[in-house]
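Here the structure comes first, spelled out in structure tokens, and everything after it is commentary.
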Amino acid sequence: MACVGVASASELTNKSLSEMTSKPVQEVLRNPEEAAESIINDYFTAIMEKRGANGIPLMGFRIVGVDSSDLDDIKVTVTL
């Protein structure tokens with residue numbers, strides 16, 4: 001099964017953050033903007049839950065845009 005997710009990050013459990021926040025390709029193709037937003041939301045939420053375990057904690061984030069005009073390169077803009 002192919003999945004789309006954020007590039008690798010440090011492990012929170014036995015699964016990497018990338019594995020925990022990935023989505024099946026079929027789901028991304030059905031609704032690319034919603035899937036991309038969900039992946040990024042899950043990714044940054046998981047980082048916030050670490051509470052600075054590997055450095056300065058992330059206090060918050062906001063998704064401000066999703067560009068799915070190129071399905072090979074979906075871009076999500078986030079403010080931290």
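The values are calculated or read from the model by the stated rules, or taken from the named source; none is laboratory data. Computed from a predicted structure; not experimentally measured. Neighbour counts are summed over all protein chains in view; Cβ atoms, including those assigned to glycine, are modelled from backbone coordinates with ideal geometry.
The number of residues in segment 21-44 being at pLDDT below 90, under 12 Å from the mean Cα position of the chain (by Cα) and polar (S, T, N, Q) comes to 2.
The set of residues in segment 23-80 that are touching a residue at least 12 places away in the same chain (Cβ under 8 Å) and assigned to a loop (DSSP other than H, G, I, E, B) comprises K50, N54, L58, G60, F61, S68, L71, I74, L80. Selection within segment 1-20: residues that are under 14 Å from I74 (Cβ atoms) and either surrounded by 15 or more Cβ atoms within 10 Å (Cβ to Cβ) or over 14 Å from the mean Cα position of the chain (by Cα) (or both). The member of this set that is modelled with the lowest pLDDT is C3.
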